[in-house]
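Undergrad: Before anything else, here's the structure in question.
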Amino acid sequence: MSTFSPGRRRILQAGVGVAASSVALTGAQTQPGRGTVVAQIVDTSPMHQDVSKDFLIGSRAAWQDINSRGGLRGRAVQHLSIEVDGSPASLRAALAQVRDNTASVALCGTVSAAAASQLADLLRNESGGLAHVAPWLQDGGEVDDRTFPIFAPRPEQISFALKSLSTMGVRELGAVYATQQDQALHHESVERTAKAMQLRLQTYQAGQDLRELGQRLTPGTPALLLFLGGTPELARFTQGLEKQSRQRYVVALADVNLSTLAQMGAARRTPVIATQAVPMVTASLPVVRNYRDVMARLFDEPPSSLSLAGFIAARYTAEVLAGMDGAVTRASVLTAFQRRAAMDLGGFRIAYTPQRFGSTFVTQSMLSTDGRVIG
């Protein structure tokens with residue numbers, strides 16, 4: 001869902017379930033071992049379930065739409081979603097489940113970013129050839145020959161968001177990490193990007209109370225703050241900033257939903273800018289129009305950038321599979337993706353860089369002080 005109350009995480013945790021063994025079958029309800037299976041590993045831990053649920057809904061909508069139109073090569077694709085709790089043990093168990101299902105030909109749309117990063121590390125030690133396609137892997141580290149990211153990495157998003165502000169004379173940046181895990185995952189890429197843009201960096205780690213952190217910032221804290229965390233955490237942080245006399249600007253990345261942020265009571269005196277690694281959900285591009293039509297037909301959900309990302313991940317995977325010659329096996333699917341052919345997916349262009357990222361596309365929106373989302 002994209003619209004929720006401040007208690008959404010508690011509701012989702014009760015309704016979705018976070019057991020690593022929980023499996024949901026969508027699309028064609030075929031039996032394991034029959035037909036083509038594309039697996040999706042979904043992190044429903046409390047810190048990541050907001051992002052993961054939206055992303056999964058978009059992927060689910062795409063596969064159901066594909067199957068309603070005859071599937072691939074006249075056969076339905078089984079979309080196998082496996083929920084994990086974000087722990088290494090649950091990820092290993094999920095990967096074993098995919099590996100042991102002989103009909104599974106690829107992983108598509110692993111989410112959250114933390115789970116996708118951990119899964120990429122696990123796959124490096126796998127002897128079999130399993131393609132890891134379109135994960136929500138947004139860090140700008142090394143990408144191996146089994147992982148095929150199609151969304152702009154975090155350094156690209158940070159550079160895009162800060163470029164216009166740095167040209168206005170901003171030379172200091174505060175990096176606020178919602179959790180220690182966020183800091184461990186992203187601090188290296190944030191430091192590297194700040195150095196490249198010649199910005200002095202100050203780092204803040206919130207611990208448990210983000211509202212308190214926002215309240216206790218000093219006049220010496222940079223006016224420009226980069227926030228690394230999810231929507232509920234950002235809402236609490238901006239509520240703390242409401243007590244500050246100095247005007248500050250907060251930049252968030254693609255894991256944040258600005259419409260939801262406004263509904264959760266974000267501070268109205270603090271402008272928030274958020275990047276997106278996909279087009280605006282109101283765009284006229286064919287893939288976005290198709291996404292809106294499918295979502296309206298299959299789900300009672302408002303459009304969101306995260307579900308659009310999940311939709312694009314599934315559509316990209318389907319296009320590569322549909323273009324294959326011969327038998328569809330793990331080895332042949334991996335070979336097909338390793339060609340990394342450029343593709344125009346209904347206006348969203350995927351063309352791999354030398355660093356093996358499929359897109360550098362970034363746009364941004366702003367939550368204004370009067371609560372409007374401005375594209």
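The values are calculated or read from the model by the stated rules, or taken from the named source; none is laboratory data. As the structure is a computational prediction, the values presented were derived from the model and not from experiment. Cβ: placed from backbone, ideal geometry, glycine included. Neighbour counts: every protein chain shown. These area figures cover heavy atoms from the full protein model, side chains too; ligands, DNA and RNA do not enter into them. Shrake-Rupley method; radii C 1.70, N 1.55, O 1.52, S 1.80 Å.
Undergrad: Just to verify a number: what accessible area does Lys53 come out at with the full protein assembly present, 1.4 Å probe, Å² rounded to tens?
TA: The value for Lys53 is about 60 Å².
Undergrad: So, with a 1.4 angstrom probe, what is the percent of accessible area on the chain that is carbon and sulfur?
TA: 50
Undergrad: Which semi-axis lengths, in whole Å and largest first, follow from the square roots of five times the eigenvalues of the Cα gyration tensor of the chain?
TA: Over the Cα atoms of the chain, the ellipsoid semi-axes are 35, 21, 20 Å.
Undergrad: Tell me whether the stretch 186-342 comes out rounded, prolate or oblate; compute the Cα gyration tensor, take square roots of the eigenvalues as a ≥ b ≥ c, and use a/c under 1.5 as the rounded threshold.
TA: It comes out prolate by the Cα gyration axes.
Undergrad: Now a separate question. Specify which residue in the list Tyr177, Gly109, Ser359 is farthest towards the positive end of the charge dipole of the chain, using unit charges on the beta carbon of Lys, Arg (+1) and Asp, Glu (-1), about the Cα centre.
TA: Comparing the listed Cα positions along the dipole, Ser359 ranks first.
Undergrad: On to the next question. Describe numerically, in nm with one decimal, the distance between label points set 7 Å from Cα along Cα→Cβ at Arg372 and at Thr329.
TA: Inter-label distance under the simple model: 5.9 nm.
Undergrad: Obtain the nm distance between the two label points defined at Arg339 and Asp100 by a simple spin-label model: each point lies 7 Å from its Cα along the Cα-to-C-beta direction.
TA: 3.4
Undergrad: Can you give me the C-alpha center-to-center distance between the stretch 302-341 and the stretch 227-279, rounded to a whole angstrom?
TA: When both Cα centres are located, 33 Å separates them.
Undergrad: Let me ask something else. What number in nm² do you get for the stretch 85-158 if you take the convex hull of its Cα atoms and divide its surface by four?
TA: The directionally averaged projection comes out at 4.9 nm².
Undergrad: Count the DSSP beta bridges whose two residues both fall in the chain, then state the antiparallel fraction as a percent rounded to the nearest 5.
TA: 30
Undergrad: So how do 130-141, 260-271 stack up, highest first, on mean other-Cβ count within 10 Å?
TA: The most tightly packed comes first, giving 130-141, 260-271.
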